[in-house]
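Below is one structure, written out as structure tokens; the observations come after it.
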Amino acid sequence: MALLKLVFLFFLISFSASAQKDYKLWLQYNVVNNSALVSEYKNNLGGIIVLGNSETIRIAQKELQTGFENMLGTILEIKPNIKGENNLIVGSQLDLSSEIKSELQVDLDKINNEGFIIKTISLKNKKQIIITGKNDVAVLYGVFNFLRILQTNKAVKNLNITDSPKINLRILNHWDNLDRTVERGYAGFSLWNWQKLPGFIDQRYIDYARANASVGINGTVLTNVNANALILTPQYLDKVEALANVFRPYGIKVYLTARFSAPIEIGNLKTADPKDPEVINWWKNKAAEIYKQIPDFGGFLVKANSEGQPGPQNYGKDHVDGANMLADAVAPFGGVIMWRAFVYSEHDANDRAKQAYAEFQPYDGKFKKNVIVQVKNGAIDFQPREPFHPLFGAMPKTPLMMEFQITQEYLGFSTHLVFLPKLFQEVLESDTYQKGKGSTVAKVVDGTLYQNKLTGIAGVANIGNDLNWTGHPFAQANWYGFGRLAWNPHLDSETIADEWLRSTFSNDENFVKPLKNMMIESREAVVNYMTPLGLHHIMDTGHHYGPGPWVSNLSRPEWNPTYYHKADKNGIGFDRSKSGTNAVSQYAPEVAKLFDNLETCPEKDLLWFHHVSWDYKLKNGQTLWNGLALKYQGGVNQVKEMQNVWKKSEKYIDSERFNEVKMLLEIQHEETKWWRDACLLYFQQFSGKELPEAVEKPTQTLEYFKSLKFPFAPGNG
Ligand code: GCV
């Protein structure tokens, strides 16, 4: 019995020890086991002098102490003032001595309000490292960056770093409902425990804020864009206030989604017409009420007249009327309105991919200064691959904000390992040509192309109350990577993968190198086994889990996969060229020409823009049918290879995370075959061709795949 108890205790200890690892995200602060580095760190970091006394500064100090203790096994001495050399001096510009300030003046002039400096300087001939910025939150960013240097085992001798975020609003969008379900959420229920708020502050709120601050995320929209007006009632605003209080010291502002019909639903008005004086007044009062409770409230995110949500068009008004009315309400308090351009209508027979541009582009220059239009990365909806949205670069007088989806609605939920920064980077690097060559999407988003002051980027969060936050341990990398790209949209996804692997798992090169390759490859793998060569929107209905290219019975034509792939005996693909829907014309002439011409259209986007015959010759000489089939098989093979790579990583990491990922990769591999077989069997009905030899025989019949049902798939309401 005693032995049994002991075994149980051991199990419990080891379980919770490694479970904590999952929970700790990229802030593991693993022991540095390179002795040369340890002595370098210890020699250069004698103690810390902390300037200032805000809660933010105390958080920064605690973070440094925790980091040091865990990574170096030493307690970092807190010194009351600068004595001796090799100290870390941490504090905002406002708290620096004039001597230090004058040493750093050139750097201070370079950074913006949230930027930081990490620099080795000489003070009275003694070497010191300074971490500073214009305010305490900037210092906290500097501290997390400094700790990243240690976590990734880089040198700290002669540091000279100045870095500022290139985008102002770096925001997570939670599609969290008030009943704690999460639309398109695959990591459990919502973090926000509305029933226990405001009295009970879950430690998770603090840990969430800390994780976000560590990558520079500075805003969170707490509620679903398919909004519930109740969040704007006093009862809920008290709860929102409690969260805002937790997040504030971490530099994170709270935003809410505004249901356009709220004046009717909770305000007892007869209308929500944006031109109605009572409605205008209602929103003004509501804004004043919110700002009284939460003085740094960020503003509203609005989904209007989209997928059944109410909006100004219900009253014969337009998006500009709606957005500007709300903008006026929050303007006196410095708030912003993030107005989504994700619109398409069942009453519009036009190609869905053209509708958002057609509706929004003519509004260029008509929005108030504190409105930013939030545009999804592609013109349809967060598919594994989409060409960049034609609105980017096409509204020079309007700030546009990028919306990426971190949660994997269309990319295998939290079961598939897909490193999304690779996708994000591809979009950000795309050249819109709207102001000549080099007019990248990143430059639109960071405001440098058109000198916009208001800039923003949003990521639909993949976070829930799962122990490991994101369902899949590697989905943590997508949260991390979003934050890093939000800070700097010009960053390379390889750098991000490298940092994340080192901070989350291990610095051993034998681990990092193959795993980094695996992560980078994983995005193309998912495209290959789901939607190769420009296919899109061929997933199953409602939950969007698994393939459903045969679906053609949904009430709205543009909800059906058959609308998108248009497979028939003549071929496959959506003709968006000049001879088709002419969606290409929404791009700058250089890009339009590139996409329009079959010769120059990148093959990765081929079936997005063209309907081509099954015998069409791809650049490598394969017929389209063979090439398509081989891509599907290639995706399956890539995931098999990912499994091999992962197996070799066992000795470098803890068994819990190892096993989790191993199991998930097995599921993913099975599902790659499901996608391949279901899609190829379906398309084969039209191509009438045999599968190439290298493609494995289908595991089941098409009828079997069509019969699969998933009534309780997560994330679907
Ligand atoms: C929040 C897609 C998703 C919806 C989502 C919508 C949007 O249609 O399937 O769940 O709604 O996009 O972005 O508004």
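With the contact rule set at Cα under 8 Å and sequence spacing of 6 or more, what percent relative contact order holds for the range 170-504? Don't jump to the answer; show the numbers that get you there.
Numbers: 659 pairs, mean separation 60.5, N = 335.
In percent, rounded to a whole number, it is 18.
Residues of the range 352-368 with amide nitrogen under 18 Å from the 7 Å Cα-to-Cβ point of Glu307?
352-357
Of the peptides 249-257, 330-338, how do they stack up when ordered by the mean number of other Cβ atoms within 10 Å, highest first? Walk me through the intermediate numbers first.
Numbers: 249-257: 22.9, 330-338: 21.1.
Put in order of decreasing packing, that is 249-257, 330-338.
Could you sort the peptides 608-618, 496-506 by per-residue average Cβ neighbour count (10 Å cutoff), highest mean leading? Spell out each step's value before the answer.
Details: 608-618: 19.5, 496-506: 22.9.
Those peptides, ordered most packed to least, come out 496-506, 608-618.
How big is the dipole moment of the chain about its Cα centre under a simple scheme where the beta carbon of each Lys and Arg is +1, that of each Asp and Glu is -1, and everything else is neutral? Debye, nearest 20, please. If you can, show how the numbers build up before the last one.
Details: 77 positive and 77 negative charges, 230 e Å.
In total the dipole reaches around 1100 debye.
Would you mind calculating the gained length between Asn43 and Gln105 on full extension (0.36 nm times residue separation, minus the Cα-Cα distance), in nm to one decimal?
Values: separation 62, 0.36 × 62 = 22.32 nm, distance 2.69 nm.
That works out to 19.6 nm of additional length.
Just the accessible area per residue of the range 503-631, please: how many Å² with a 1.4 Å probe?
Working: 4770 Å² over 129 residues.
Roughly 37 Å² per residue, with all protein chains present.
Could you list which residues have their amide H under 5 Å from that of Leu172, counting only those 5 or more apart in sequence or on another chain, with H placed in the peptide plane?
It is Gly219, Thr220, Val221, Gly459, by chain and number.
Round to the nearest 0.05 the FRET efficiency obtained for Tyr704 and Asn553 when R0 = 22 Å and r is the Cβ-Cβ distance.
Numbers: r = 19 Å, r/R0 = 0.86.
According to the calculation, E is roughly 0.70.
If a/c stays under 1.5 just call it rounded; otherwise compare a/b with b/c (prolate if a/b is bigger, oblate if not). Do that for the range 170-504, with a ≥ b ≥ c from the square roots of the Cα gyration tensor eigenvalues.
oblate
Output needed for the range 22-163: three equivalent-ellipsoid semi-axes, defined as square roots of 5 times the C-alpha gyration tensor eigenvalues, in descending order, whole Å. Mind dumping the intermediate values first?
Working: eigenvalues 101, 59, 39 Å².
So the three semi-axes of the range 22-163 are 22, 17, 14 Å.
Farthest toward the dipole's positive end in the chain, which of Leu515, Asn226, Thr407, given Cβ charges of +1 (Lys, Arg) and -1 (Asp, Glu) about the Cα centre?
Farthest towards the positive end: Leu515.
Between Glu696 and Asn34, what is the label-point separation in nm under the 7 Å Cα-to-beta-carbon projection?
Inter-label distance under the simple model: 4.0 nm.
For Lys617, list the aspartates and glutamates whose Cα falls under 20 Å from its own Cα; do not include residues on the same chain fewer than 8 positions away.
Within the straight-line cut-off, Lys617 pairs with Asp568, Asp575, Asp596, Glu599, Glu603, Asp605, Glu690, Glu693.
For a quick check of understanding: with a 1.4 angstrom probe and all protein chains in place, what accessible area in square angstrom does Val418 have, to the nearest ten?
We get 0 Å² for Val418.
Note down the magnitude of the dipole of the range 396-548 about its Cα centre, charges +1 on Lys and Arg C-beta and -1 on Asp and Glu C-beta and zero elsewhere, to the nearest 20 debye.
Working: 11 positive and 16 negative charges, 110 e Å.
The calculated dipole for the range 396-548 is roughly 520 debye.
With θ taken as phi - 60° and the coefficients 6.51, -1.76 and 1.60, list the Karplus ³J(HN,Hα) couplings across the range 469-476 in order, rounded to whole Hz; mark glycine and proline as x.
After applying 6.51 cos²θ - 1.76 cosθ + 1.60, I find 6, 10, x, 9, x, 7, 6, 4 Hz.
Rg/Rh for the chain: what does it come to with C-alpha atoms and Rh from Kirkwood?
On the way: Rg = 26.3 Å, Rh = 27.0 Å.
Computed over Cα atoms, the ratio is 0.98.
Counting only heavy atoms of the protein chains, get the accessible area per residue of the range 417-499 (1.4 Å probe) and round it to a whole Å² value.
Heavy-atom accessible area per residue stands at 27 Å².
Taking the alpha-carbon distance from Lys127 and a cut-off under 16 Å, which lysines remain once sequence neighbours fewer than 8 residues away in the same chain are dropped?
By straight Cα distance, Lys127 reaches Lys42, Lys79, Lys83, Lys101, Lys119, Lys157.
How much FRET efficiency would the formula 1/(1 + (r/R0)^6) give for Gln293 and Gln451, where r is the Cβ-Cβ distance and R0 is 45 Å, rounded to 0.05?
Details: r = 35 Å, r/R0 = 0.77.
Rounded to the nearest 0.05, the efficiency is 0.80.
By the scheme Lys and Arg +1, Asp and Glu -1, what is the net charge of all other residues having a beta-carbon under 11 Å from that of Asn465?
Working: positive: Arg180, Arg204; negative: Asp176, Asp202, Asp466.
Here the count lands on -1.
Determine the per residue accessible area of the range 308-369 with all protein chains present and a 1.4 angstrom probe, expressed in square angstrom.
Numbers: 2470 Å² over 62 residues.
Here the per-residue accessible area is 40 Å².
Give me a comma-separated list of calculated 3J(HN,Hα) values for the range 624-635, in order, Karplus coefficients 6.51, -1.76, 1.60 applied at θ = phi - 60°, integers in Hz, x for any Gly or Pro.
4, 4, 5, x, 5, 4, 5, 5, 4, 5, x, x
At 0.36 nm per residue, minus the direct Cα-Cα distance, what do Asn597 and Thr495 gain on full extension? Give it in nm, one decimal, please. Walk me through the numbers before you get to the answer.
Values: separation 102, 0.36 × 102 = 36.72 nm, distance 3.45 nm.
Going from the current span to full extension adds 33.3 nm.
Tell me the net charge near Ile280. Cut-off is 13 Å between Cβ atoms, Ile280 excluded, with +1 for each Lys or Arg and -1 for each Asp or Glu.
Details: positive: Lys275, Lys284, Lys286, Lys317; negative: Asp273, Asp276, Glu278, Asp321, Asp328.
Cβ neighbours under 13 Å give a net charge of -1.
Below 8 Å between Cα atoms, with a sequence gap of 6+, how large is the relative contact order for the chain in percent?
Values: 1394 pairs, mean separation 83.1, N = 717.
Value for the chain: 12 percent.
Taking a probe of 1.4 angstrom, what is the accessible area of Glu99 in Å², to the nearest 10?
Roll a 1.4 Å probe over it and Glu99 shows about 80 Å².
Kirkwood hydrodynamic radius of the range 569-717 from all distinct Cα pairs, in Å? Don't skip to the end; give the middle numbers.
Numbers: mean 1/r = 0.0552 Å⁻¹.
It works out to 18.1 Å.
Are any of the pairs Lys24/Lys239; Lys154/Lys239; Lys24/Lys651; Lys154/Lys648; Lys569/Lys631 more than 30 Å apart by Cα-Cα distance, and if so, which?
Working: Lys24/Lys239 26 Å; Lys154/Lys239 42 Å; Lys24/Lys651 20 Å; Lys154/Lys648 25 Å; Lys569/Lys631 20 Å.
With Cα atoms farther than 30 Å apart: Lys154/Lys239.
Restricting to DSSP H runs of at least four residues, report the calculated mean residue ellipticity at 222 nm for the chain, -39500 (n - 2.57) per run over all residues, nearest 500 deg cm²/dmol. Could the numbers behind the result be given before it?
Details: 22 runs with 289 residues, N = 717.
Computed mean residue ellipticity for the chain: -13000 deg cm²/dmol.
Quote the FRET efficiency, to the nearest 0.05, computed for Asn81 versus Lys662 with a Förster distance R0 of 56 Å and r equal to the Cβ-Cβ distance.
Numbers: r = 52 Å, r/R0 = 0.93.
According to the calculation, E is roughly 0.60.
Given +1 on the Cβ of Lys and Arg, -1 on the Cβ of Asp and Glu, and no further charges, what dipole in debye does the range 170-504 carry about its Cα centre, rounded to the nearest 20? Present the calculation step by step, with values, prior to reporting the outcome.
Working: 33 positive and 35 negative charges, 145 e Å.
My answer is approximately 700 debye.
Where a Cα-Cα gap under 20 Å defines reach, which lysines qualify for Lys317, not counting those fewer than 8 residues away within the same chain?
Answer for Lys317, where 20 Å is the Cα cut-off: Lys270, Lys275, Lys284, Lys303, Lys366, Lys368, Lys369, listed by chain and number.
Sequence gap at least 6, Cα distance under 8 Å: using those rules, report the relative contact order of the range 175-254 to the nearest whole percent. List each step's numbers first, then the result.
Numbers: 87 pairs, mean separation 29.2, N = 80.
Relative contact order here is 37 percent.
Can you work out ³J(HN,Hα) from phi for every residue in the range 652-659, in order, using Karplus 6.51 cos²θ - 1.76 cosθ + 1.60 and θ = phi - 60°, giving whole Hz and x for Gly and Pro?
9, 9, 5, 6, 5, 5, 4, 5
Within the range 392-492, how many Lys pairs that are eight or more residues apart, or on different chains, come under 21 Å at the alpha-carbon?
Working: Lys397/Lys435; Lys397/Lys437; Lys397/Lys443; Lys397/Lys453; Lys422/Lys443; Lys435/Lys443; Lys435/Lys453; Lys443/Lys453.
Value for the range 392-492: 8.
In what sequence, highest mean first, do 399-405, 344-350, 557-563 appear when ranked by Cβ atoms within 10 angstrom? Don't jump to the answer; show the numbers that get you there.
Details: 399-405: 25.9, 344-350: 13.1, 557-563: 18.4.
With the highest mean Cβ count within 10 Å placed first, the list reads 399-405, 557-563, 344-350.
Determine the share of the chain's accessible area contributed by carbon and sulfur atoms, expressed in whole percent, with a 1.4 angstrom probe. Could the numbers behind the result be given before it?
Values: 14210 of 27340 Å².
Accessible surface attributable to carbon and sulfur in the chain totals 52 percent.
With unit charges on the beta carbon (Lys/Arg positive, Asp/Glu negative), name the residue among Trp625, Asn145, Gly546 whose Cα is farthest towards the positive pole of the charge dipole of the chain.
Asn145
The values are calculated or read from the model by the stated rules, or taken from the named source; none is laboratory data. Note that the coordinates shown come from a computational prediction; the quantities given were computed from them, not determined experimentally. We place every Cβ from the backbone using ideal geometry, glycine too, and count neighbours over all the protein chains shown. Calculation scope for accessible area: heavy atoms of the full protein, side chains included, ligands and nucleic acids excluded. Shrake-Rupley method; radii C 1.70, N 1.55, O 1.52, S 1.80 Å.
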